[in-house]
């Protein structure tokens, strides 16, 4: 999740756009460490909750 957050910040992507970008880019899948045959990409709501968690603890 942290790597997904970094990608989102580096490329200035919205939650939905990040989700789409991960599905479209093999290099992002490898960087984040997701194997689509085993697991799915977290949805935009999960990304939003993670970002709020980081903000709440000022990380």
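We did not get these values from a lab; they are worked out from the coordinates using the rules stated. All values reported here derive from a predicted model rather than from experimental measurement. We place every Cβ from the backbone using ideal geometry, glycine too, and count neighbours over all the protein chains shown.
Quick notes on this structure:
- Taking the criterion of being farther than 15 Å from residue 47 by Cα, over 10 Å from the mean Cα position of the chain (by Cα) and part of a helix (DSSP H, G or I), the residues of segment 12-28 that qualify are 24, 26, 27.
For (1) on the phi < 0 side of the Ramachandran plot; (2) in contact with a helix residue (DSSP H, G or I) (Cβ under 7 Å, 6 or more places away or on another chain); (3) surrounded by 11 or more Cβ atoms within 10 Å (Cβ to Cβ), each residue gets a yes or a no:
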position: 4; (1), (2), (3): yes, yes, yes
position: 10; (1), (2), (3): yes, no, no
position: 13; (1), (2), (3): yes, yes, yes
position: 17; (1), (2), (3): yes, no, yes
position: 25; (1), (2), (3): yes, no, yes
position: 32; (1), (2), (3): yes, yes, yes
position: 39; (1), (2), (3): yes, no, no
position: 44; (1), (2), (3): yes, yes, yes
